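Participant: My questions will all concern the structure given below.
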Amino acid sequence: MSARLNLVILGKQGAGKGTQCKRLSEHYAIPHVSTGDILRAAVKSGSDLGREVASIMDAGALVSDELVIRLVDERFKQPDAQRGALLDGFPRTLAQAEALEALLGDDGIKLCINLEVATSLVTERLSSRRVCQECGAIYKDTDIEAISGTCSNCGGDVIQRKDDQPEAIEKRLALYERDTAPLLDFYATRGLLVTIDGDQSPDDVTRAIELAVHERGLA
Ligand code: ADP
Ligand code: ZN
């Protein structure tokens, strides 16, 4: 079996992980696996799982490691993930990173891209962020799609996520520092960490990531 291109994209909320993953997913023809998207889809569908996690997510808290690990395990078994995946929003605790390592075994994470952006900037980005509930397209509050409430991509409703409101933003960023920032050391120790300045144009960020992947002979 050829090696899988498993990439972890790390960074604060609002660092641009989702935007970059959408682009990289097309470029490398591997799926964008966002635990946030998977969980939001469950909430929207009204499944048992969705009902269980809805209030946790709205408050900006983390759902249990056990639950997200199970979701990721299931996702990795899908046919489209056999050549690799872009992991966005997972792992975000050391326990999740360790579980992921155990799950993937020898053909594990090939690189961890850390999108570095100042807290003041991500706070600003998150407060002005609006998203399409159907396709996940991301807009700014000043975009016509946000003002009209209609996605130009799919016609879906464009809304502000509850967790993009001020109190939840603060909570999420604090959790990032406490639970997720330690993963930078986890991947650095394994020689897998590349840090990229996330305060550049989206195109420049994409180029920098593709270069890092290329330099490592990964694709
Ligand atoms: P963000 O990173 O911008 O907060 P995400 O879309 O990645 O947003 O996640 C939204 C919410 O889903 C999180 O605040 C959390 O409640 C839940 N969630 C997503 N991924 C995880 C994870 N790996 N572990 C625990 N909770 C998660
Ligand atoms: Zn849409």
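Nothing in this text is a laboratory measurement; each read-out follows from the coordinates by a stated rule. Keep in mind that what you see is a predicted model, and the values were worked out from it rather than measured. For neighbour counting, all protein chains shown are included, and Cβ atoms are generated from backbone atoms with ideal geometry for every residue, glycine included.
Participant: Which FRET efficiency, nearest 0.05, do S64 and L94 yield, Cβ-Cβ r, R0 22 Å?
Facilitator: 0.95
Participant: Please go through the range 123-219 and write out the trypsin sites (Lys or Arg not before Pro) that DSSP classes as loop and that have at most 15 other C-beta atoms within 10 Å.
Facilitator: R190, R216
Participant: Moving to a separate point now. Per the helix-only calculation at 222 nm, which mean residue ellipticity applies to the chain, given -39500 (n - 2.57) for every DSSP H run of n ≥ 4 and division by its residues, nearest 500 deg cm²/dmol?
Facilitator: -14000 deg cm²/dmol
Participant: Using label points projected 7 Å from each Cα along Cα→Cβ, tell me how many nm separate D80 and Q165, to one decimal.
Facilitator: Label at D80, label at Q165, 3.2 nm between them.
Participant: Just list whichever of K17/K162; K44/K110; K12/K77; K44/K171 have alpha carbons separated by over 30 Å in the model shown.
Facilitator: Exceeds cut-off: K44/K110.
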